[in-house]
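Written out below as C-alpha cells is the structure these notes cover.
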Amino acid sequence: MRHLFKLDPAKANTEALIQRLAEAGTDGFIIGGTDDIEAEQVHTLYQWADKTALPIFMEISEEAFIIGAADHFLVPLVLNTTNIAWFGGKHQEVIKTYHPYMPWSKIWTEGYVILNPEAKAAKHADANTDLTYDDVAAYALMAEKLFALNILYIEYSGTYGDAALVQHAKHFLKQTKLWYGGGIRNREQALEMAAVADTIIVGNVIYEDVDEAIQTAKLFADKSVTNPETI
Ligand code: 1GP
C-alpha cells in the first residue's frame, strides 16, 4: 500500500469526487478529521467510499468515526504530545466502556509525530513540534520496539515536510510501517515522499485542486510497479 487519500467529512465531498479519486490509482481511503465532525456526514462519506471497493480506514479520533461495518480502524496515539490524554488517557476511557465490542483484529495502531506547529492537530493534541532528527528517531524506536505499533505517522498536515527527516526515521523501522502525510500537492512531492515512506497520505489538495490530487495517485496506478521513480 503506497498511496492513500484522506477524506475529511467536514469538507465538500460528493459521490462523483470519491469515484474519481478511486479511479486515479490510489490504494484506499482514510476517513478522518479534526473539526466540525457530524456522524451523518461520516456515514454518507463511508457509503460513497465503500461503493468503490477500495480499503477504507476509519481513523477514530472521536466516536462519530466508529462505523461497525468498516474493515479497518486506525487508533491514533500522539507520541510527541505533552498531554497524556492523547497518548493513553482517552484510549483507556473508551476501552473501559467498549472493550467487549471492540474488533481487535481490525484495529491498526498509529503513533503520530506531529511536526507542523500550525496544524490544527498539533494544537488540539498539545504536540511539542520542536524536534531534532534524533528526537524523531527516538520516537520511531519507541513505535517499533517499545509499543510494537503498526504505523509511525509523520504528520506535517498543511505544510510540506522534510524528506530527509522522514528517511532518517525510516532507517530505525523494520516491522512498523512509516506513513507520511502533509502538504503533498503535486506529483513531484508525492514521488519524493514515496521514495522515503512506505505510504503517503494526500489530504487537503483533494478539496483545493482535485486534478493535482489525482496526479499524486496516478503514480501508483500500475500495481505491478512498486517503485514509481522507475515509471
Ligand atoms: C492529514 O496527513 C494528512 O492528516 C494529509 O495532510 O491535508 O496537508 O495533505 P494534507
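The values are calculated or read from the model by the stated rules, or taken from the named source; none is laboratory data. A quick note: this is a predicted structure, and the numbers were derived from the prediction, not measured. Positions of Cβ are backbone-derived with ideal geometry, glycine not excepted, and every protein chain shown enters the neighbour counts. Please note that ligands, DNA and RNA were not included when accessible areas were found on the heavy atoms of the full protein model with its side chains. Shrake-Rupley method; radii C 1.70, N 1.55, O 1.52, S 1.80 Å.
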* **Single match in L165, L146 (criterion: out of contact with any Asp or Glu (no Cβ under 6 Å at 6 or more places or on another chain), hydrophobic (A, V, I, L, M, F, W, C) and closer than 30 Å to E188 by Cβ)** => L165
* Asked: Any idea which of Y46, Y101 is touching a residue at least 12 places away in the same chain (Cβ under 8 Å), more than 16 Å from the ligand (Cβ to nearest atom) and farther than 23 Å from R187 by Cβ?
  -> Y46
* Hey, can you tell me all the residues within the stretch 167-183 that are of a type in the set (S, T, Y) and within 11 Å of the ligand (Cβ to nearest atom)? => Y180
* In the stretch 58-112, how many residues are hydroxyl-bearing (S, T, Y) and over 23 Å from E38 (Cβ atoms)? -> 5
* Structure fact -> Those residues of the stretch 149-166 which are away from the ligand (no atom under 15 Å from the Cβ) and closer than 19 Å to M1 by Cβ amount to L149, N150
* To do: Within the stretch 154-163, track down each residue that is outside any loop (DSSP other than H, G, I, E, B) and touching a Leu at 6+ places or on another chain (Cβ under 8 Å).
  => I154, E155
* To do: Might you check whether a residue that is of a type outside the set (A, V, I, L, M, F, W, C) and free of Cβ contacts under 8 Å to residues at least 12 places away in the same chain occurs anywhere in the stretch 72-89?
  => yes
* To do: Check the stretch 28-37 and report whether any residue there is closer than 16 Å to E155 by Cβ and of a type in the set (D, E).
  => yes
* E62 being within 16 Å of the ligand (Cβ to nearest atom), among the acidic types (D, E) and modelled with pLDDT of 95 or more -> no
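Okay, residues lined up against (1) open to solvent by 40 Å² or more (accessible area, probe 1.4 Å); (2) within 11 Å of the ligand (Cβ to nearest atom):
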{"residue": "L115", "(1), (2)": "no, yes"}
{"residue": "R185", "(1), (2)": "yes, yes"}
{"residue": "A195", "(1), (2)": "yes, no"}
{"residue": "I201", "(1), (2)": "no, yes"}
{"residue": "Y207", "(1), (2)": "yes, yes"}
{"residue": "D211", "(1), (2)": "yes, no"}
* Which one of the conditions (1) buried (at least 21 other Cβ atoms within 10 Å of the Cβ); (2) within 15 Å of L77 (Cα to Cα); (3) within 15 Å of the ligand (Cβ to nearest atom) does H124 fail to meet, given that it meets all the rest? -> (1)
